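Enquirer: Submitted below is the structure of interest, expressed as structure tokens.
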């Protein structure tokens, strides 16, 4: 039995990967480009982030995600350009996604803007079923060893924001050219990469001269899985330290912290405590982030980064 359990964990992770293929991070409110291409160029400076997530620690085959992104405004802040690189390793599958993001924004008020975003990317997908401990050479499914399949992806998003509020709606994977992957998994699924719809919103409320409160929500809808919501609340102390907590429906509780070291560098950490039956096997999930904001003008940009 002890040899079969790791296989069951890997298969469970692979099933989860299919149900939730797009990026899932707890610190989404500070990494909007991974959710919405219209987020590109929403700040008047170049912004970048590095993030690594270890999900369901101590469980064989658990998801591991590494991400990097950079974006900034162009053409008198009317357009935004961005680049993201995401590497996912879940069980026997690996996916390297490289995407470009373009946004065009229009002014909707004195300090508010509405942006329309497009995403175009290429994924390199691999799945090595022969690496499983138990597999049947006569089974057409387990005989597949899909290596370096190229998948083109295209997405769309809307993003409205002012200095203290944001609302976004996106479909990061509106269309994917995944014929090669779908054919390799024809006995399991008809269309491997499915559409995910994201609705995310947040607002900052000043409590005092040194404290701000920011509730936020992220609703995820996917055609092959139940809807899921992240409900969070962060508190900003003296414009430098964020401390927050949240709840992900059907999954668990979240604790997070972010510190603005300098006007350029900020660091963040999040811990997810699993409340589902997986808690018997998992030590929770850990997520670390490094943010870099280049070209900040301290005279022109007086407020802290809220999102």
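Enquirer: Does residue 86 meet the test of being surrounded by fewer than 16 Cβ atoms within 10 Å (Cβ to Cβ), under 19 Å from the mean Cα position of the chain (by Cα) and part of a strand (DSSP E or B)?
Expert: It is false that residue 86 is surrounded by fewer than 16 Cβ atoms within 10 Å (Cβ to Cβ), under 19 Å from the mean Cα position of the chain (by Cα) and part of a strand (DSSP E or B).
Enquirer: Right, here's the next one. Give me the pairs, please: first residue somewhere in segment 77-95 and on the phi > 0 side of the Ramachandran plot and in contact (Cβ under 8 Å) with a residue 40 or more places away in the chain, second residue anywhere and surrounded by fewer than 21 Cβ atoms within 10 Å (Cβ to Cβ) and not in a strand (DSSP E or B), beta-carbon distance under 6 Å, and either six or more positions apart or on two chains.
Expert: Between residues of segment 77-95 that are on the phi > 0 side of the Ramachandran plot and in contact (Cβ under 8 Å) with a residue 40 or more places away in the chain and residues that are surrounded by fewer than 21 Cβ atoms within 10 Å (Cβ to Cβ) and not in a strand (DSSP E or B), the close pairs are 91/14.
Enquirer: Being modelled with pLDDT under 95, farther than 23 Å from residue 119 by Cα and part of a strand (DSSP E or B) is the requirement here; does residue 253 meet it?
Expert: Answer is yes for this residue.
Enquirer: When you scan segment 100-111, how many residues do you find that are touching a residue at least 40 places away in the same chain (Cβ under 8 Å) and under 15 Å from residue 40 (Cα atoms)?
Expert: Residues in segment 100-111 being touching a residue at least 40 places away in the same chain (Cβ under 8 Å) and under 15 Å from residue 40 (Cα atoms): 4 in total.
Enquirer: Residues to consider are 218, 236; find the one that is surrounded by 14 or more Cβ atoms within 10 Å (Cβ to Cβ), in contact (Cβ under 8 Å) with a residue 40 or more places away in the chain, in a strand (DSSP E or B) and out of contact with any helix residue (DSSP H, G or I) (no Cβ under 9 Å at 6 or more places or on another chain).
Expert: From the options 218, 236, the qualifying one is 236.
Enquirer: Would you check which residues across segment 169-208 are modelled with pLDDT under 90 and assigned to a loop (DSSP other than H, G, I, E, B) and list them?
Expert: Correct list: 178, 185, 186, 187, 188, 189, 190, 191, 192, 193, 194, 195.
Enquirer: While we're here: Would you be able to tell me the number of residues in segment 44-83 that are closer than 23 Å to residue 125 by Cβ and part of a loop (DSSP other than H, G, I, E, B)?
Expert: 7
Enquirer: Based on this model, can you work out whether residue 62 counts as touching a helix residue (DSSP H, G or I) at 6+ places or on another chain (Cβ under 9 Å), at pLDDT below 95 and over 30 Å from residue 284 (Cα atoms)?
Expert: Answer is no for this residue.
Enquirer: Also, I was wondering about something else. Quick check on this structure: which one of 52, 43 is at pLDDT 90 or above and closer than 27 Å to residue 282 by Cα?
Expert: 52
Enquirer: Just one of 132, 150, 122 is in contact with a strand residue (DSSP E or B) (Cβ under 7 Å, 6 or more places away or on another chain), surrounded by fewer than 22 Cβ atoms within 10 Å (Cβ to Cβ), over 20 Å from residue 38 (Cα atoms) and at pLDDT below 95; which is it?
Expert: The match here is 150.
The values are calculated or read from the model by the stated rules, or taken from the named source; none is laboratory data. What you see is a predicted model, and the numbers here were worked out from it, not measured in a lab. Counting neighbours? That spans all protein chains shown, and the Cβs are built from the backbone with ideal geometry, glycine included.
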